[in-house]
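The values are calculated or read from the model by the stated rules, or taken from the named source; none is laboratory data. Computed from a predicted structure; not experimentally measured. Note that we place each Cβ from the backbone using ideal geometry, even for glycine, and neighbour counts take in every protein chain shown. For accessibility, only protein heavy atoms count, side chains too; no ligands or nucleic acids. Shrake-Rupley method; radii C 1.70, N 1.55, O 1.52, S 1.80 Å.
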Amino acid sequence: MNDVTAHGHYPIAPPASERRVLGHAVPRIEDLPLVTGRGRYAGDINFPHQLHMRIVRSPKAHGRIISIDTAAALALPGVYAVWTNADIAKLSPIDFRADKSAEGIREFRQPALAKTYVRYIGDPVAAVFAEDPYVAEDAAELVTIEIEELPAVLSASDPPGEFEPGRSTEAIILRHSYGDLEAAFRNAHAVMEIDVETGRHSGVPLETRGAIGRYDTAKDLLELHGAAKIPHRNRETLCRMLNRSPSSLHVHESHVGGGFGIRGELYPEDVLVLVAAMRFERPVKWIEDRREHLMCANQGRQQRHKARIAVDQDGLILGIEDEIFHDQGAYIRTHGVNVPNRTMYMLSGCYKVPAYRAMARVRLTNKTPCATYRAPGRFESTFVRSRLMDAVADKLGLDRIEVRRRNLIPAAEMPYLQKYNEPGIEELDIDSGDYALLLDKALAAFGWDKLQQDLKRRRAAGELVGAGLALFLEESGRGPTDNAKVMVDPSGAVELITGGASIGQGFPTAMAQICAEALGVDYKRVRVIHGQTDLIDHGIGAHAARATGLTGGAVHVTAMMVREKALGFASKLLQTPADELDIVDGTVMRKNGKGGGGPSITLAEIAKRVAPGSNFLRGRAPQLAAHGWYNTPHTVFPYGAHLAVVRVDRDTGKVEVERFMVAYDVGRAVNPMLVTGQLVGGCAQGLGGALLEEFVYDDNGEPLSATFADYLMPMLHDMPDVEVLLTEDAPSPRHPLGLKGAGEGGINGAGGVIASAIDDAIGVPGAVTRLPVTPQRMRELLRKMARQ
């Protein structure tokens, strides 16, 4: 085993033209079972003698539990057991996955089954276990719950209510600040204030959640199947909750039909199937239906921002202040308060902001709990920042593009460091970027100048058409560490084991490319194993755009260790100095210019020679294998721009997105095709959040968006043909391959750019103050415009 720690700067990573497979748009290796009907999702996993679990959920948004009658359900043939909180009284609430998230907020964690209070419609109250899933569903309807209804808190903007006696629904107030904000506003030429909101929506994967618990009594081994996103970190949390050692609890990832941040977090159902499997000594399976998903899976995004910006006479930013009302929903789940923290951390974006102060009021409401959804905190902060920059342009009579350009952090000032006043808040340490260059490239590729002439002509003809722009900063590859295992077997095939996770983003292909580049083999000969906690003891999974940078770094380090071993073995066998050898197509040979055509040996032959039981090189490693670690204290920062053209229908209020471009600098792309796919997919979700998707509740806390008839997502006819401009002008000097993440760049700026484009279309700067801009809200804006 070996470690590589990234403390300083690496040489600039070479482009794809100097690579064999890394950086090239090669086909994915993981798709064959998925497109031939042989995928194995949570619903496909079954064990003999398994029970099926169905959850009985609260019909009230807020209330005190008076009684739960399970007698009728227990009497139904085929029902094995019915649990309430009394049956799992010693089980702790669902814990946070990061200990530092727990300070001051532990009291707001969610119990696996409600104990004294119910806090949202859908809150788990009882669990039914039966021999058949349909019997379990029928029995669940026979459980009767008596609830004393209490007033429901439904808006984070309203005064806080009472979570429980003596405890406010304002769970915590978070702060980020630096610089002299009072001086900034005192000396300002102009101050603009906005009051804007991002609507509640979330990821809606094709596959709903599912969990299968299995307990081997002979081995005292507990298994959770159907995991996604962060198997190892979930194992750590479950071990704390269930008081088990990591070696006695295995978490297994299957194929995953979409993640987007919300799948893979620990939920009550995941814990319940494990506890039941141990207690009943039978496998227990739970599969969520779509209505449950839309009512109970993590939601996100709902924030209100009362922000203001101070600028000088040239439009240069002097300071920004923001008060955030973060609607957390009924409980604080496994993510802690990561979303409001990331919102404040990323609010300044690509701009130089000399003074800054943000305060986030994390308030609980009687709605489904909120958590991370693709680009958490960044979608929200980019919308606010974009609205502020458009307000500056309007106030000072400046061009929207010019205001943004003037305030960009110059490439010459990279790396750019910003420290915060509050103790424990990590510094914003941007590794690299040329924001002005990307802006220029994006405007040229989009034909911005000619577009303005075309839009002017169309508006003169009576159309409501406009264009918008949003610049954004992303973060990815956050450390501190990840590891990988690489082995070449005697056939020459390569086995790569990682603690990463595949949620559809092309993870196996990307890791195979990184491994193959280092080893000089065909990437299709690399078998990538992931998401299995019994095969590798540590892993970061797939979240916060970490997989490519952090796990990819570990794969590169480990594969290079195997490469070094192979060249060392070959050096002795071929009687040639190792530095004169190269590996090409799985064969070790002399480098070009060093007598090419001479002796050579394949990796397969080397693996045979050094396999266990061979007599070659006694005392050396018995296999052509390595286990390596990549350690980094850094985060890397990709960045991008979204550009859009919209047309507003005066009669219906429908906003049609005619064009959309994502310009994105990824540092170095492992696979441009995969990056493009990530950006286009993220764009579809971003447009959903900007124009259509919203979880709505009535005055009693009843969810009104619990079916696809009410929760509207973009259809194919709603999507433009997304244009992608992928650049590699700023490879990260803090990563050995120059890599930055790409999972969230397609969604980040969507709300900001659509709002800007709609303002331009209707000729009212600052008109859009709330997302999503549904046809109903758009018609109200048009009526308001007509009245003025």
request  = With an 8 Å cut-off on Cα pairs and a minimum separation of 6 or more residues, tell me the relative contact order of the chain in percent.
outcome  = 17
message = Compute the distance from the alpha-carbon center of the stretch 502-541 to that of the stretch 667-709, in whole Å.
response = 27
ask   = Residues of the stretch 476-629: accessible area per residue at 1.4 Å, in Å²?
value = 38
Pairs beyond 20 Å (Cα-Cα), from 90/367; 115/367; 565/608; 352/419; 90/229; 485/524 = 90/367; 90/229
request  = Can you bin the stretch 256-382 into rounded, prolate or oblate? Criterion: square roots of the alpha carbon gyration tensor eigenvalues sorted a ≥ b ≥ c, rounded for a/c under 1.5, prolate for a/b above b/c, oblate for the rest.
outcome  = prolate
query = How much of the DSSP beta bridge set in the stretch 641-781 is antiparallel, as a percent to the nearest 5?
reply = 65
inquiry  = With every protein chain kept in place and ligands, DNA and RNA left out, what is the accessible area per residue of the stretch 675-784? Probe 1.4 Å, answer in Å².
reply    = 35
task = Just order 430-439, 30-39, 322-331, 162-171 by mean Cβ neighbour count inside 10 Å, highest at the front, would you?
result = 322-331, 430-439, 162-171, 30-39
ask   = Which of (1) 1.08; (2) 0.99; (3) 0.96 is the computed Rg/Rh (Cα atoms, Kirkwood Rh) for the structure on display?
value = (2)
request  = Calculate how many DSSP beta bridges within the stretch 426-583 are antiparallel, expressed in % of all such bridges and rounded to the nearest 5.
outcome  = 50
inquiry  = Placing +1 on the Cβ of each Lys and Arg and -1 on the Cβ of each Asp and Glu in the chain, which of 161, 578, 513 has its Cα farthest towards the positive end of the resulting dipole?
reply    = 578
Cα gyration tensor shape of the stretch 482-525, rounded if a/c is under 1.5, else prolate or oblate by comparing a/b with b/c = prolate
message = Considering only C-alpha atoms, what is the centroid distance from the stretch 374-448 to the stretch 715-759, in Å?
response = 14
query = Roughly speaking, what is the centre-to-centre gap between the stretch 172-199 and the stretch 547-590 when only Cα atoms are used, to the nearest Å?
reply = 53
task = For the stretch 697-781, calculate the relative contact order in percent as a whole number, restricting contacts to Cα pairs under 8 Å that are 6 or more residues apart.
result = 10
query = Roughly what % of DSSP beta bridges within the chain run antiparallel, to the nearest 5?
reply = 75
note = Taking the chain and counting helices only, DSSP H stretches of n ≥ 4 at -39,500 (n - 2.57) each over all residues, the nearest-500 ellipticity at 222 nm comes to -8000 deg cm²/dmol
inquiry  = Let me make sure I get this right: for the stretch 434-514, a, b and c are the square roots of the gyration tensor eigenvalues over alpha carbons, sorted descending. Under 1.5 in a/c it's rounded, otherwise prolate if a/b > b/c, else oblate. Which is it?
reply    = prolate
query = Where the accessible area of the chain is counted over protein heavy atoms with a 1.4 Å probe, how much of it, in %, is carbon and sulfur?
reply = 50
note = With the 8 Å Cα cutoff and a minimum separation of six or more residues, the stretch 457-611 has a relative contact order in percent of 26
inquiry  = Under a Cβ-only charge scheme (Lys and Arg +1, Asp and Glu -1), can you give me the dipole magnitude of the chain about the Cα centre, in debye to the nearest 20?
reply    = 1280
remark   = For the stretch 212-358, the per residue accessible area (1.4 Å probe, Å²) is 26
query = Full extension from residue 715 to residue 788: what is 0.36 nm times the residue separation minus their Cα-Cα distance, to one decimal in nm?
reply = 22.8 nm
